[in-house]
Amino acid sequence: MRAINFRPKVDPGKLLQIAKKQHYSDLSGFINDAIEDKIRHIHEDPRDHKLITSIKKAVYEYNGWAFSKPSDKEAVKIKKKAAAMRSGKAKSIPLSDIIQKLEKMPSRIPR
């Protein structure tokens with residue numbers, strides 16, 4: 001892979017703060033994800049985005065899901081637990097295991 005010199009218009013310190021708030025270990029990962037997101041957005045058809053949004057909404061309503069921002073107290077607990085899992089002090093479940101369990105679950109959609 002070829003390296004590219006990058007001089008952001010935004011203060012690098014500010015970018016680093018944003019990356020840390022988003023739980024990136026370094027600025028490179030944050031910048032790579034931002035670039036990939038921008039590329040995806042450029043090639044995205046607005047009709048596709050509208051369809052995906054309406055499907056998400058229908059799935060949330062069907063399952064009775066409601067997502068909300070955690071309170072400050074809940075956010076502290078979540079961050080503390082996540083840090084313990086990242087450091088290996090607390091047990092966590094690998095994403096591949098979760099995906100396998102979800103694939104085995106019967107569908108709730110009537111046929």
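Can you give the angle from 0 to 90° between the axis of helix 12-21 and the longest principal axis of the chain, with both taken from C-alpha atoms, to the nearest 10? That works out to roughly 20 degrees. Computed over protein heavy atoms with a 1.4 Å probe, the carbon and sulfur contribution to the accessible area of the chain reaches 59%.
Using the Cβ-Cβ distance between Ala83 and Lys56 with R0 = 25 Å, the FRET efficiency computed as 1/(1 + (r/R0)^6) comes to roughly 0.25. Taking the C-alpha atoms only, the angle from helix 27-42 to the longest principal axis of the chain is near 60 degrees.
Could you check which residue among Leu16, Leu95, Leu51 shows the biggest mean-square fluctuation in a GNM of the chain with a 10 Å Cα cutoff? Among Leu16, Leu95, Leu51, the largest mean-square fluctuation in the Gaussian network model of the chain belongs to Leu95.
Pairing the Cα long axis of helix 72-87 with the longest principal axis of the chain, what angle in degrees results, from 0 to 90 and rounded to the nearest 10? Approximately 80 degrees, to the nearest 10.
Electrostatic tally near Pro70: other residues with Cβ closer than 13 Å to its Cβ, Lys and Arg +1, Asp and Glu -1, net +4. With R₀ set to 35 Å, the beta-carbon distance separating Ile98 from Asp26 gives a calculated FRET efficiency near 0.85. Here Phe6 and Ile39 are evaluated by their C-beta separation; at R0 = 22 Å the FRET efficiency comes out at 0.90.
Of the GluC sites (Glu not before Pro) found in segment 30-111, those that fall in a DSSP loop while having at most 12 other beta-carbon atoms within 10 Å are Glu44. Heavy atoms of the protein chains alone define the surface here; on that basis the chain has 101 Å² accessible area per residue at 1.4 Å probe size.
The values are calculated or read from the model by the stated rules, or taken from the named source; none is laboratory data. As the structure is a prediction and not an experimental result, all values here were calculated from the model. Glycine gets a Cβ as well: all are built from the backbone with ideal geometry, and neighbour counts include every protein chain shown. With ligands, DNA and RNA removed, areas are computed over all heavy atoms of the protein, side chains included. Shrake-Rupley method; radii C 1.70, N 1.55, O 1.52, S 1.80 Å.
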